[in-house]
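Asks: For reference, the structure I am asking about is given below.
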Amino acid sequence: MGFAERFDHIGITVADIDTATAFFVGLGLEADPKMTVEGEFLDTVIGMTGAVTEIVMLRLPGGGTTLELSSFVRPDHLPGSPAAPANELGLRNVAFVVTDLKAAVDQVAADGYGLVGGIGEYEGAWRMAYIRGPEGIIVSLAEQIQN
């Protein structure tokens, strides 16, 4: 038996927390108020001294696993790979099931975000697309096909 009890959250570090928050709210997540975290706890956990970060927690209206966006005020951000391909090692995407994939893709396109590839269909059961969101975050959107 392992130690983990439940899946709690996924954390993503971003430079522009307001833009990233707006993107995920546009997908239907609800955001808690932005908070600032600093002090001994943060320094101990992340292994840095004098760190300050802003954090927004987001969740789907029904609850469940949360998405934590954090943006460091101090120290400065380190550059990431905003154009990273799907096969680059590391966390590659955050996935959500949607009720209308086409509408979701159209909505994020209207906000200036595009597809990584195209809309694919898997064995007549799922339609899926990867969206390149703010700061290169890949968001997987999947719609179950009703048979």
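Asks: Only loop residues by DSSP count here, and only those with at most 13 other Cβ atoms within 10 Å; note down the chymotrypsin sites (Phe, Trp or Tyr not before Pro) in region 1-92 that meet that.
Replies: On the way: sites: F3, F7, F23, F24, F41, F72; in loops: F3, F7.
Counting only loop positions with at most 13 other Cβ atoms within 10 Å, the chymotrypsin sites (Phe, Trp or Tyr not before Pro) in region 1-92 are F3, F7.
Asks: Give me the percent of DSSP beta bridges within the chain that run antiparallel, rounded to the nearest 5. Before the final figure, lay out the partial values.
Replies: On the way: 25 of 34 bridges.
Among the beta bridges of the chain, antiparallel pairing accounts for roughly 75 percent.
Asks: Here is a further query. Per residue, how much accessible surface does the chain expose to a 1.4 Å probe? Answer in Å², no decimals. Write out the running numbers ahead of the final one.
Replies: Details: 9260 Å² over 147 residues.
Solvent-accessible surface per residue comes out at 63 Å².
Asks: Let me ask another. Restricting to Cα pairs below 8 Å that are 6+ residues apart, what does the relative contact order work out to for region 1-124? Please round to a whole percent.
Replies: On the way: 141 pairs, mean separation 30.8, N = 124.
Taking the mean separation of contacting Cα pairs over the length of region 1-124, I get 25 percent.
Asks: Turning to a different aspect of this structure: Quick one: net charge of Q107's neighbours, Cβ under 15 Å, K/R +1, D/E -1?
Replies: On the way: positive: K102, R132; negative: D100, D106, D111, E143.
Summing Lys and Arg as +1 and Asp and Glu as -1 gives -2.
Asks: Between L89 and M35, what is the label-to-label distance in nm when each label sits 7 Å out along the Cα-to-Cβ direction?
Replies: Between L89 and M35, the label points sit 3.4 nm apart.
Asks: Just to confirm the filter: which GluC sites (Glu not before Pro) across region 19-96 are DSSP coil and have at most 11 other Cβ within 10 angstrom of their Cβ?
Replies: On the way: sites: E30, E38, E40, E54, E68, E88; in loops: E88.
Hits after loop and neighbour filter: E88.
Asks: Net charge near R59, counting Lys/Arg +1 and Asp/Glu -1 over other residues with Cβ under 9 Å of its Cβ?
Replies: Numbers: positive: none; negative: E30, D32.
Net local charge, R59 excluded: -2.
Asks: Right, next: Carbon and sulfur together cover what percent of the accessible area of the chain at a 1.4 Å probe radius? Can you show the working numbers first?
Replies: On the way: 5140 of 9260 Å².
Carbon with sulfur: 55 percent of the solvent-accessible area.
Asks: Using only DSSP helix segments of four residues or longer, with each worth -39500 (n - 2.57), what per-residue ellipticity at 222 nm results for the chain after dividing by its residue count and rounding to 500? Walk me through the intermediate numbers first.
Replies: Details: 3 runs with 27 residues, N = 147.
Per the formula, -5000 deg cm²/dmol.
Asks: In whole Å, how far is the Cα centre of region 59-109 from that of region 115-147?
Replies: For region 59-109 versus region 115-147, the Cα centre distance is 13 Å.
The values are calculated or read from the model by the stated rules, or taken from the named source; none is laboratory data. If you're wondering where the values come from, they're calculated on a predicted model, not measured in any experiment. With ideal geometry, Cβ positions are generated from the backbone for all residues, glycine too; neighbour counts draw on all protein chains shown. The accessibility values were calculated without ligands, DNA or RNA, using every heavy atom of the protein model including side chains. Shrake-Rupley method; radii C 1.70, N 1.55, O 1.52, S 1.80 Å.
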